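Taking it in order: structure first as structure tokens, then the write-up.
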Amino acid sequence: MRACPDLSRPEADALAQARHGDPFGVLGPHDAAHGRVIRTFLPGARTVEVVRRGDRTPLGTLTARQPDGLFEGPVDDAAGYLLRITWPGAVQETEDPYSFGPLLGDLDLHLFAEGRHFELARVFGARRMTHEGVEGVGFSVWAPNASRVAVVGDFNAWDTRRHPMRLRFPAGVWELFVPRVEPGVRYKFDIVGAGGVPQPQKADPLARQTEMPPATASVVASPEPFPWNDQAWMKGRAARQAVDAPIAIYEVHLGSWMRADQTWDDAADRLIPYAIDMGFTHLELLPITEYPFGGSWGYQPLGLFAPTARFGSPDGFARFVDRAHAAGLALILDWVPAHFPTDPHGLARFDGTALYEHSDPREGFHHDWNTYIYNFGRREVQGFLIASALHWLEHFHVDALRVDAVASMLYRDYSRKAGEWVPNVHGGRENLEAIDFIRHLNAVVAERCPGAVVIAEESTAWPGVTKPVPERGLGFAYKWNMGWMHDTLRYMAHDPIHRSYHHDDMTFGLVYAFSEHFVLPLSHDEVVHGKGSLLDRMPGDRWQKFANLRAYFGFMWTHPGKKLLFMGGEIAQEREWNHDGEIDWFLLDDPAHAGIQRLVRDLNRLYREEPALHRRDCSPDGFRWMIGDDRSNSVFAFLRQGDSKDPPVLVVCNMTPTPRFHYRIGVPRAGQWREIANTDSRFYGGSDMGNDGGAETTPVCAHGEPQSLELTLPPLATIVLRADI
């Protein structure tokens, strides 16, 4: 206990003006020459008495001083005490926040400063806790360049003078224990920057719950652990996400999948059974970390530890994950560590300085998105981001994170002209600090989260994206194959009469298909910003549009690589995606659209059930071109192979509306080859041309094989045949 000097008028005025930077130096209990003195600042209070915490024995009455709200006076002993405060119309008894010792341990502060505190959400932010025998909430926030920080909220009528915080030097963390605060209370941090410059009130960067946007306050979350029922799932999920497993991802923007789904429980009732019925193995949600602007679809988040309040509470999200696992569905979250928006209540210039971002706009500002770029070279920022990733994987049992905009992180000159970027220390364009962060993130996830995976949306030819970190790779489990998507969609957009001139667009992906572990993405980015829907991008009349889309899906589901389809694609949505609307479910009344849905369901089943279609997805010995050079007919034929015991699968695509009869293809096994899929089936809306269930080989050499099949290739269709054993 420090000796109690008389409070000078400047210090008293600093309290009254909400700019005192050392409240514990003047408030709370202090030793004076004549005994113990207690000082408190309670603007608006009429009287303040001090009573013993145990039996409410009076210990003293505090005298009102100037300025208004300042009370001080001697007490009889050093026992634990309560303040009995008389407000206009009410009497309150509560502990004095300035009678408690520090909250955070030295190890916590050291690990935070080193960027190695990976459980920040359990220690920092707003923690419901028992401190020195008293229940309340411990608040903490990193603001090293602030001259004063206070916590404001429902519990103090948002009065910036009531709860100034203690600075823990040198970590730059401010903290305060506020007794008797309950979960559900809203709060923010009121910050005065260096030089006494007030900042906009800030939401908590570590908040685990927020209020509903467009409101911007943080909310004290419940500390009660969620009663998980997915222990068996968590132990076995590694096999479900391995490179030899079938992974078919349904990408969803929850707010526009079905407008009736307004809560996590609603989505669990509708979306999870639908995804399971459609045969998807994984559900991927566009970012649900709290974000201020709905039109960003979540890709400009500010609450990296809080599920958006748009769909309910954090417990509601946990129930959603638990129910997905119970149904056999893995969950992927889009996660955005590349940049953050400039909203004044967020991370921007958090303590009056560039804290989370770079100060130089050539390093710290994205002109494309009008967002700030994280300063990956700062250890505290790296630790903050890694702790966010682990929060979703560990606390919420999420199975995978898909990291958005990785290319923008890897290159300092990303979308910048000459003179608009700063080279690295070697004079190059690579962002060495971001590379270090990515490797660190993936190494920590691999160590702490068995079975979880991290997926990169990376659009360049950066080498080793999915190589392990010890092998000097970036350490991702999978990478979106953006090149395959662009090339094949470009090919499909051509009128079939011109496709022979663009044949390489369909074959080029196999040149590098096994250089990484790939996901083939037909994502939300392909159905926005004037691109139209997938169906709309197909050429020809109405029948040909549907036939083209069916053939393309057949090609995609049999091509090496995991699969991803954005919602609406499975019913051949005709309109471009509108995040304020919903999928046009009424289209399923049309047989053509219902046929596409049946096809996607059956392709997912085929992909799961045929080992040849997934077991060697990431290995060159799982694929073999049989016909890759028939430009004049726009025909492609390839073999998919699993282990030696798995029957091989032959895939043949005819990308013209002209049927091909007596088309001969060499195969490695003699005997019957059964037709197990045909996108031209009448069940999908096709013309029902095919091979009557299969074909028998004849001893005619073709394509280097001693036997071959003579097939009928339906128009604009993909057929799949499996060797009978």
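Any chance you could run the full-extension gain for residue 270 through residue 343? It's 0.36 nm times the residue separation minus the Cα-Cα distance, nm to one decimal.
The residue 270-residue 343 span can extend by a further 22.9 nm.
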Compute log10 of I(q)/I(0) for segment 389-537 with the Debye formula, placing one identical point scatterer on every Cα and leaving out solvent, at q = 0.11, 0.12, 0.19 Å⁻¹, to two decimals. -0.54, -0.64, -1.19
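Sorted from largest to smallest, which semi-axis lengths in Å does the alpha carbon gyration tensor of segment 253-377 give for its equivalent ellipsoid, taking the root of 5 times each eigenvalue?
Working: eigenvalues 215, 37, 30 Å².
Values for segment 253-377, descending: 33, 14, 12 Å.
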Over segment 84-201: Kirkwood hydrodynamic radius from C-alpha pairwise inverse distances, Å: 15.0 Å
At 20 °C and 1.002 mPa s, grab the translational diffusion coefficient of the chain from Stokes-Einstein with a Kirkwood Rh over Cα pairs, rounded to a whole number in µm² per second. 75 µm²/s
Principal semi-axes in Å for segment 466-519 [√(5λ), Cα gyration tensor, largest first]: 31, 10, 5
For q = 0.14, 0.16, 0.23 Å⁻¹, what log10 I(q)/I(0) does segment 479-575 give under the Debye formula with an equal point scatterer on each alpha carbon and no solvent? -0.49, -0.65, -1.33
Can you show me the helix-derived [θ] at 222 nm for the chain, built from DSSP H runs with n ≥ 4 at -39,500 (n - 2.57) apiece and divided by the number of residues, rounded to the nearest 500. -6500 deg cm²/dmol
Whole-Hz Karplus couplings 3J(HN,Hα) for segment 411-428, θ = phi - 60° and coefficients 6.51, -1.76, 1.60, Gly and Pro as x, run 10, 5, 9, 4, 6, 10, 8, 4, x, 9, 9, 10, x, 6, 5, 9, x, x
Square roots of 5 times each gyration tensor eigenvalue, C-alpha, segment 94-133, largest first, Å: 23, 11, 7
Under Stokes-Einstein, segment 624-665 at 20 °C and 1.002 mPa s, with its Kirkwood radius over C-alpha pairs, diffuses with a coefficient in µm²/s of 188 µm²/s
Using modelled backbone amide H atoms (1.01 Å from N, in-plane), which distant-in-sequence or interchain residues come within less than 5 Å of residue 402's amide H? 333, 334, 335, 455
Given a Förster distance of 25 Å, report the FRET efficiency between residue 86 and residue 154 from their Cβ-Cβ distance, rounded to the nearest 0.05. 0.75
Note: segment 522-570 at 10 °C, 1.306 mPa s; Kirkwood Rh on alpha carbon pairs; Stokes-Einstein D in µm²/s works out to 138 µm²/s
Net charge, residue 686 excluded, C-beta distance under 9 Å - Lys, Arg +1, Asp, Glu -1: 0
Amide H contacts of residue 306 (H built 1.01 Å from N, under 5 Å, at least 5 apart or other chain): 290
Looking at segment 216-366 only, what percent of DSSP beta bridges run antiparallel? Nearest 5 please. 20 percent
Can you put 543, 228, 233 in order of accessible area, largest first, using a 1.4 Å probe? 543, 228, 233
Bin by bin, in steps of 5 Å, what percent of the Cα pairs in segment 35-148 do you find, going until the bin that has the longest distance? 2, 10, 17, 17, 16, 13, 11, 9, 5, 1
Once phi for every residue in segment 381-393 is put through the Karplus expression 6.51 cos²θ - 1.76 cosθ + 1.60 (θ = phi - 60°), the whole-Hz ³J(HN,Hα) values, with Gly and Pro written as x, are 5, 4, x, 4, 5, 5, 4, 5, 4, 5, 4, 6, 6
Using the Cα atoms of segment 155-276, I'd like the radius of gyration and the largest Cα-Cα distance, Dmax, both in angstrom. 21.2, 60
Cα pair distances in segment 522-667, grouped into 5 Å bins until the bin that holds the longest one, percent each: 2, 9, 17, 19, 18, 16, 11, 6, 2, 0, 0
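The values are calculated or read from the model by the stated rules, or taken from the named source; none is laboratory data. Bear in mind the structure is a predicted one, so any value in this text is a computation, not a measurement. Cβ atoms come from the backbone with ideal geometry, glycine included; neighbour counts cover every protein chain shown. To get the accessible areas, we keep the full protein, side chains included, count just its heavy atoms, and leave off ligands, DNA and RNA. Shrake-Rupley method; radii C 1.70, N 1.55, O 1.52, S 1.80 Å.
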